[in-house]
Amino acid sequence: MNNEIVIKTDKLTKKFGDFVAVSEVTFEVSKGEIFGFLGANGAGKTTAMKMLIGISKPSSGNAAIAGFDVYKETEKIKRSIGYMSQKFSLYEDLAINENIILFGGIYGLSDSEIEKRRSELIAKLNLQSEADKLVGSLPLGWKQKLAFSIAIFHTPKIVFLDEPTGGVDPITRRQFWDMIYEASHNGITVFVTTHYMDEAEYCDRVSIMVDGVIKALDSPAGLKKQFNANSMDEVFIMLARDAKRGE
Amino acid sequence: MNAIELNNITKTYRTKKNVVTAVDDVSFSVTEGEIFGLIGPDGSGKTSIFRILTTLLLADKGIAAVLGNDVVKDWKAIRDIVGYMPGRFSLYQDLTVEENLEFFATIFNTTIQANYELISDIYVQLEPFKKRRAGKLSGGMKQKLALCCALIHKPKVLFLDEPTTGVDPVSRKEFWEMLKRLKAQGISILVSTPYMDEANLCDRIALIQSGKILEIDTPQKIVNRFDKNLYAVKSKSMFNLLNDLRAYSKTESCFAFGQYHHLVLNEEQPDLNELKTYLQNHSELEINQIKPGIEDRFMRLMKKPIPTLP
């Protein structure tokens, strides 16, 4: 991790009518950092993330993602990031190779570059004999590993992960985090949202959002110390139990 | 009499090309008044077991009973005495909170008033939104409504399939507190979760993987069966540390566990000084022996080789 800032927000706010979904959120994330973005149901995480990835215009405040402005340079933002969610990530009725080629093309890589990276990726994931099978036939754990690999296929500056590891077995989950560590080691910034506090423990720093506001932001160790808690779960419950929203 | 009993239950699904064994010769029993947890990842067979026990699916082999009623012969009796909360939100999205509850009460020939006592402390939290359509509720609220609907006919045995998946930690905590109160009222509970930290809240658990039970016992006894010293290791560069620990000649397994990596060595009395010398390039190195958790035990039982880095 170094000091290059790749996400910078300043009083970023989103209102829907009178309802302030995200209220004056200010934070910075450095290059290669694994940043956990936590919050209770309804806290405003999804709304905030939509602004960061350039698909929702803020009501006020500023933000720069990979150096690009969230008001004026949303197309450049989209080219600089990768995105993976637990719910939708790959086309189940396309083969592994087809998914890779499709996403490589969407992100504007040349055919020769796609082919080079594709064969490297297939070898790395040890999927040589499955490469022409439909993604739908893969076990969940493999799908997630593949989805993550494809999300960083175009070597984005930042990858956004929306609840990435729900439901997989503990060993597969570790393999997934191994990949995240590796991406971070290679300088890709990882921005993760999750409900699961043990996942928060893997992050370099985490922020906890309650009712549209960032209530705390520090390393997991720092937060546990600050709130005199044994686990991130305890920290979260202390901060979020008085949340007014959630309905 | 046991609340739930399964003997050698097997269930396979056939697709065009192959046969998948979803539940593989599973046997366990849940005593009356117990909270029994089925702990395992997606695809381990949890939902099939729930569907067999709630008479919604026929097993290929084996017998199962709920409070002495056979799941095949006595399916009608079972449906009257069980409450079932499926993993997927299965209430009517375009009925209101109140209408959903009313509907389920009517189906079981009862009324909300008759059993209100059982759901009162959950329902008070829903009451402000009782005119809201169920589809418009948050995850935590949907889950509370689903539990109320599963309880409205005062079941003796409650089946909860991944009730806390996708729910935030505050709601999860409240949910488990509700389960304890239901247990205190004599309701037996079979609950599944992919989250190992919830295992500790059950009286007994079964760890399940690929349709097979790995182990059944109290959470404490399961953890106690971890037969090696476990070390938590951290340093400034966790990625390099993981690679170095896995490359160490005496490493049996090493997994990332958030702030620390969990390490098992292949010796009875490991020489930590040797390990420290090996890791001397790491700054801020910390090595502590720790107590294992359910997840550590689960991973050892899975007996997979050390994963290679991608």
For this session: Starting from residues that are part of a helix (DSSP H, G or I) and among the β-branched types (Val, Ile, Thr), keep the ones in region B:93-125 and report whichever is surrounded by the fewest Cβ atoms within 10 Å (Cβ to Cβ).
Result: B:Val124
Exercise. Taking region A:121-136 as the region of interest, how many residues are more than 24 Å from the chain's Cα centre (by Cα), surrounded by 15 or more Cβ atoms within 10 Å (Cβ to Cβ) and in a helix (DSSP H, G or I)?
Worked result: 0
Exercise. Any idea which residue in region A:202-236 is nearest to B:Ala256 (Cα to Cα), counting only those that are within 9 Å of chain B (Cβ to nearest Cβ) and buried (at least 20 other Cβ atoms within 10 Å of the Cβ)?
Worked result: A:Tyr202
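Rundown of residues vs (1) more than 14 Å from the chain's Cα centre (by Cα); (2) farther than 15 Å from A:Leu121 by Cβ; (3) surrounded by 20 or more Cβ atoms within 10 Å (Cβ to Cβ), yes/no style:
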residue: A:Val70; (1), (2), (3): yes, yes, yes
residue: A:Lys78; (1), (2), (3): no, yes, no
residue: A:Lys87; (1), (2), (3): no, yes, no
residue: A:Asp93; (1), (2), (3): yes, yes, no
residue: A:Asn97; (1), (2), (3): yes, no, no
residue: A:Leu102; (1), (2), (3): yes, no, no
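Condition first: within 13 Å of chain A (Cβ to nearest Cβ) and of a type outside the set (Lys, Arg). Now tell me which residues in region B:109-133 satisfy that.
Answer for region B:109-133, where residues must be within 13 Å of chain A (Cβ to nearest Cβ) and of a type outside the set (Lys, Arg): B:Gln125, B:Leu126, B:Glu127, B:Pro128, B:Phe129.
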Exercise. Among B:Pro169, B:Pro128, B:Pro163, which is the only one that is within 30 Å of A:Ile208 (Cα to Cα) and surrounded by fewer than 20 Cβ atoms within 10 Å (Cβ to Cβ)?
Worked result: B:Pro128
Problem set entry | Answer from A:Phe153, A:Phe176, A:Phe160 - the residue that is over 23 Å from A:Ala48 (Cα atoms), more than 7 Å from chain B (Cβ to nearest Cβ) and outside any helix (DSSP H, G or I) | A:Phe153
Exercise. Is it the case that region B:263-277 has a residue that's within 13 Å of chain A (Cβ to nearest Cβ) and either within 28 Å of A:Met197 (Cα to Cα) or surrounded by fewer than 20 Cβ atoms within 10 Å (Cβ to Cβ) (or both)?
Worked result: yes
Problem set entry | Hits in region A:179-194 - residues which are in contact with a Lys or Arg (Cβ under 8 Å, 6 or more places away or on another chain) and facing another protein chain (nearest Cβ under 9 Å) | A:Met179
For this session: State yes or no: is B:His282 modelled with pLDDT of 95 or more, within 14 Å of chain A (Cβ to nearest Cβ) and either within 28 Å of the chain's Cα centre (by Cα) or surrounded by 15 or more Cβ atoms within 10 Å (Cβ to Cβ) (or both)?
Result: no
For this session: Sort out which residues of region A:124-173 are farther than 20 Å from A:Gly105 by Cα and hydrophobic (A, V, I, L, M, F, W, C), and write them in order of number.
Result: A:Leu125, A:Leu127, A:Leu138, A:Leu140, A:Trp142, A:Leu161, A:Val168, A:Ile171
For this session: Could you please let me know if B:Lys136 is within 14 Å of another protein chain (Cβ to nearest Cβ) and among the charged types (D, E, K, R)?
Result: yes
For this session: Within region B:34-75, work out how many residues are modelled with pLDDT of 95 or more, part of a loop (DSSP other than H, G, I, E, B) and either in contact with a strand residue (DSSP E or B) (Cβ under 7 Å, 6 or more places away or on another chain) or among the aliphatic types (A, V, I, L, M) (or both).
Result: 10
Exercise. In this structure, does A:Ser112 turn out to be surrounded by 18 or more Cβ atoms within 10 Å (Cβ to Cβ), among the hydroxyl-bearing types (Ser, Thr, Tyr) and assigned to a helix (DSSP H, G or I)?
Worked result: no
Exercise. Name the helices (runs of 4 or more DSSP H) wholly within region B:215-305 that hold at least 3 residues that are at positive phi?
Worked result: none
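The values are calculated or read from the model by the stated rules, or taken from the named source; none is laboratory data. Values in this document were obtained by computation on a predicted structure and should not be read as measured data. Neighbour counts run over all protein chains shown; Cβ positions are idealised from the backbone, glycine included.
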